[in-house]
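Below you'll find the structure, written out as structure tokens, and then a few comments.
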Amino acid sequence: MDNELYSISGTVDAVIYQNDDNGYAVIRIIADGGEEVTAVGTLPQICLGEELMLTGHWVTHASYGEQFQTEYFERRMPVSVKGIADYLSSGIVKGIGPKLARKIADRFGEQTFEIITNEPERLTCIRGITANKANAISEQFCHQTSMRRLMEFLMEHELPPQLAARLYKRYKDTAIEHVMENPYLLCGEEFEVDFTAADTVALSQGMAQDSPERLQAGILYTLRFNLTNGHTFIPKNKLLATSGRLLQDEDGFEPQAERLDDAFAQLEQSGRLVCEHICRRDAVYLGSMYEAEVFVADYLSELSDSEYTYDFDVCELLDSLEQTSAITYAPRQRQAIEWAARYGLVILTGGPGTGKTTTVRGMLEFFDAIGLDVVLAAPTGRAAKRLNELCGREAKTIHRLLEAGYRGTDSRAAFARNRENPLECDVVILDEVSMIDIVLMQALLQALRPETRLILVGDADQLPPVGPGNFLRDCIGSGRIHTVELDEIFRQAQQSAIVRNAHAINHGEMPVSGGRDGDFFMMKQHNADDVMTTVVELCRRRLPEYYGFSPDQIQVLTPSRRQAAGTHQLNRMLQQALNPAAEDKPEKRYGDTVFRLGDRVMQVRNNYDIVWEKEDDPDEVGSGMFNGDVGHIVGISLPEESMLIQFDDKLAHYSFDMLSELELAYAMTVHKSQGSEFDAVIVALPHGIGRRLLTRNILYTAITRAKKLLVIVGDPAVTESMVNTNTRNRRYSALRARLIRNTKDDEQMELDS
């Protein structure tokens, strides 16, 4: 390879290949001397007709011959009529084809781009362009121009190009200026860039290593990062030690303790973090997290003290309802219904087959009998749908119940239901409470009227929420809230090996494979490749042929994403087996994932402004798709760069720049499956999964996702290790301590959670 740098100028004549994810492109340019040159390199959003100045060196490719390897480049807008027409018709502006582009270029010549940007009304002199279309052309042109500048900036600083869409939405044309002014905004909760990447940009702009801005950003990032580990706070000594390590560099720089203490004090003074001595620790919170935890503890304590009396005998009414429904409740089921009648806050907990649903139905019958308006809710769409089916009445996700929307300048939700506009109901029954984090619970409680009762239903032995806190376990552990635990497995449930094995695992016993006609099987495979091959064969042929399950009824679960037999590998193999490429199936590659017509996909982050419409009623529209929602791709338009996805009875449109929010869902992690049930579940458990994922509650949660059939494919030693590992990752949370402190009997008791 010739290492000498050369420069060539020319006009883009063809875009042979372009990767939207990383900006890599192969283009053909007509150089100023007239010769054709093939150029390769990072050339984001290159369009036909552009004039480029490329700097790089010549290379010889084994298959494609001589190419110009671009190291860096400058682009200039075309000035010739042909170049302008080619550029406008290249797809940069939707709705402008070659004929219309030529008319615009012929009419305005070198002034075309200036007129489109500043005087779009002049475009209306061309037949076929209305005032609305002229404004739309201008808006798209300006958007694309800004996006291209932003993409170049991000790639220059080795930042993820997927950030461009979110940055532009937040800051519009001033995005680059905002990032340059404060690179650390990138590692905040809105953009979630790794601190090191933002730090590299800041230091390259001359920011001092011990500047207050950098030290404060490091402390805040450490707190925010640990929210993803489930912590609502971090002990101060651990926070400062971890932040100090984060702020070190390869040359041995380490911030002085005094400087770090000063930065901490400044953050505390500004209210961006809060430090409180609780749980025998100096606990440090983000300001918003402290507010959430304190509010939830205070509200629940007050609600738990609420009691209701009636001018009739509750027990006599329950006797009557039992006779009418021909149901005899077990003692603890009866106790739960009585407590729901008498107290403002009740927790109902228990494992599979213990009668939680029957108990909830009993509560509903009682509340109906006395004329109270009850609302059912759950954290996810699938959990809400299941609750609807089991109870025979409408259930909503918490986000839809609270009427979640988009703030416009913020990535967080705005709930239309809040203190000023509370829910108009007498009782809220909330299912799958183990999934709910402290922030979502704060939002729900803020939307309750003071007199509204709350029933919390969940299985405390399942995994804790993905978000911060350990809400259900903290509430139960405090002893502050009226709690009924159902532990009797009813006769019908005892016939299911899935239920029996779930309880066995919960008691530290190995599951037992069922007989030929059973619903629980263990298939022995040791290494990851054999496990994945078996899983694919079960999904593609064996379960459909022998049990009649369609592939859509089968869900593959695994503890890991990228480790042995993780979702990353399994989804590729399952996609190839269940939905292979075909000429009549359009597809779109995004990064290392191919999205294909017919694929099962999952939304992986909350997005409150995705617009959806009901499949059977296009006039019924709403907004918001949420982390964990699963759907199918029912349409892909390459010209329009968009995708149509069906989530149950809703149809949602996704532009290609939103694909970072989706992933394939033929296989999903156990964590992502919480709140859902599937007819058939296959759990992949080979050797090679990290030890921290081999825990009892992960296995228990996986097994309790299956309704009709459960198959474990893997090494029995891995299953045994999970059964025997009852450790839970520690979460720093003071909710339990705050609930105990709020106990009337002992206001000043020593706290230790």
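The table below lists the values:
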| item | result |
| --- | --- |
| Residues being touching a Phe, Trp or Tyr at 6+ places or on another chain (Cβ under 9 Å) and buried (at least 17 other Cβ atoms within 10 Å of the Cβ) - total across the range 131-151 | 5 |
| From Val457, Val439, Val428, residue being β-branched (Val, Ile, Thr) and outside any strand (DSSP E or B) | Val439 |
| Any hit, the range 170-181, residues being under 30 Å from Leu220 (Cβ atoms) and hydroxyl-bearing (Ser, Thr, Tyr) | yes |
| Glu613 being of a type in the set (Asp, Glu) and in a strand (DSSP E or B) | yes |
| Failed item, numbered, when Leu387 is tested on (1) crowded, with 17+ Cβ neighbours inside 10 Å; (2) part of a strand (DSSP E or B) | (2) |
| Filter result (β-branched (Val, Ile, Thr) and in a helix (DSSP H, G or I)) within the range 219-261 | Ile219, Thr222, Thr242 |
| From Arg393, Arg400, Arg417, Arg473, residue being touching an Asp or Glu at 6+ places or on another chain (Cβ under 8 Å) and on the phi < 0 side of the Ramachandran plot | Arg417 |
| Single residue of Glu302, Glu291 found to be assigned to a helix (DSSP H, G or I), among the charged types (D, E, K, R), under 21 Å from Lys236 (Cβ atoms) and open to solvent by 10 Å² or more (accessible area, probe 1.4 Å) | Glu291 |
| Ser63 open to solvent by 40 Å² or more (accessible area, probe 1.4 Å) and in contact (Cβ under 8 Å) with a residue 40 or more places away in the chain | no |
| Qualifying residue in the range 427-438 (condition: out of contact with any strand residue (DSSP E or B) (no Cβ under 8 Å at 6 or more places or on another chain), closer than 30 Å to Tyr732 by Cα, modelled with pLDDT of 95 or more and surrounded by 22 or more Cβ atoms within 10 Å (Cβ to Cβ)) | yes |
| Among (1) in contact with a Lys or Arg (Cβ under 8 Å, 6 or more places away or on another chain); (2) more than 30 Å from Ser301 (Cβ to Cβ), the one test that Val484 misses | (2) |
| Residue match in the range 555-572 (condition: open to solvent by 10 Å² or more (accessible area, probe 1.4 Å), aliphatic (A, V, I, L, M), in a helix (DSSP H, G or I) and touching a residue at least 12 places away in the same chain (Cβ under 8 Å)) | no |
| Hits in the range 597-617 - residues which are at pLDDT below 80 and open to solvent by 30 Å² or more (accessible area, probe 1.4 Å) | Asp609 |
| The listed residue being under 27 Å from the mean Cα position of the chain (by Cα), closer than 29 Å to Val604 by Cα and among the aliphatic types (A, V, I, L, M), out of Leu456, Leu538 | Leu456 |
| Test: residue in the range 274-288 that is loosely packed, with under 12 Cβ neighbours inside 10 Å, without any contact (Cβ under 8 Å) to a residue 12 or more places away in the chain, closer than 29 Å to Ser478 by Cα and not small (Gly, Ala, Ser) | yes |
| Residue count for the range 460-488, restricted to those that are in a strand (DSSP E or B) and out of contact with any Phe, Trp or Tyr (no Cβ under 6 Å at 6 or more places or on another chain) | 4 |
| Enumerated strands (runs of 3 or more DSSP E) restricted to the range 15-92, each holding at least 2 residues that are modelled with pLDDT under 80 | 65-76 |
| Search result, residues across the range 314-356 that are among the polar types (S, T, N, Q), modelled with pLDDT under 95 and open to solvent by less than 40 Å² (accessible area, probe 1.4 Å) | Ser325, Thr354 |
| Hits in the range 685-704 - residues which are crowded, with 23+ Cβ neighbours inside 10 Å and part of a loop (DSSP other than H, G, I, E, B) | Pro686, Ile689, Thr704 |
| Test: residue in the range 228-251 that is of a type in the set (S, T, N, Q), within 20 Å of Ile740 (Cα to Cα) and either surrounded by fewer than 20 Cβ atoms within 10 Å (Cβ to Cβ) or out of contact with any Cys (no Cβ under 9 Å at 6 or more places or on another chain) (or both) | yes |
| Positions within the range 357-372 being buried (at least 21 other Cβ atoms within 10 Å of the Cβ) and under 31 Å from the mean Cα position of the chain (by Cα), in sequence order | Val360 |
| Lone qualifier among Leu321, Leu364 - being of a type outside the set (Asp, Glu), farther than 16 Å from Asp426 by Cβ and assigned to a helix (DSSP H, G or I) | Leu321 |
| Condition broken by Val375, with the remaining ones in (1) more than 22 Å from Asp461 (Cα to Cα); (2) modelled with pLDDT of 95 or more; (3) open to solvent by 40 Å² or more (accessible area, probe 1.4 Å) satisfied | (3) |
| All positions within the range 452-467 that are at pLDDT below 95, under 25 Å from Phe415 (Cβ atoms) and open to solvent by 10 Å² or more (accessible area, probe 1.4 Å) | Pro464, Val466, Gly467 |
| Hey, Gly128 in a loop (DSSP other than H, G, I, E, B), more than 28 Å from Ala202 (Cβ to Cβ), open to solvent by less than 70 Å² (accessible area, probe 1.4 Å) and not β-branched (Val, Ile, Thr) or not | yes |
| The range 198-220, residues that are within 22 Å of Glu268 (Cβ to Cβ) and in contact with a Pro (Cβ under 7 Å, 6 or more places away or on another chain) | Asp210, Leu215 |
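Listed here are the residues, each with its yes/no results for (1) modelled with pLDDT of 90 or more; (2) among the hydroxyl-bearing types (Ser, Thr, Tyr); (3) more than 21 Å from Val601 (Cα to Cα).
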position: Asp517; (1), (2), (3): no, no, yes
position: Asp530; (1), (2), (3): yes, no, yes
position: Thr567; (1), (2), (3): yes, yes, no
position: Leu570; (1), (2), (3): yes, no, no
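The values are calculated or read from the model by the stated rules, or taken from the named source; none is laboratory data. Just so it is clear, the model here is predicted, and its values are computed rather than measured. As a convention, Cβ positions derive from the backbone with ideal geometry for all residues, glycine included, and neighbour counts pool all protein chains shown. In case anyone asks, the SASA skips ligands and DNA or RNA and just uses the protein heavy atoms, side chains included. Shrake-Rupley method; radii C 1.70, N 1.55, O 1.52, S 1.80 Å.
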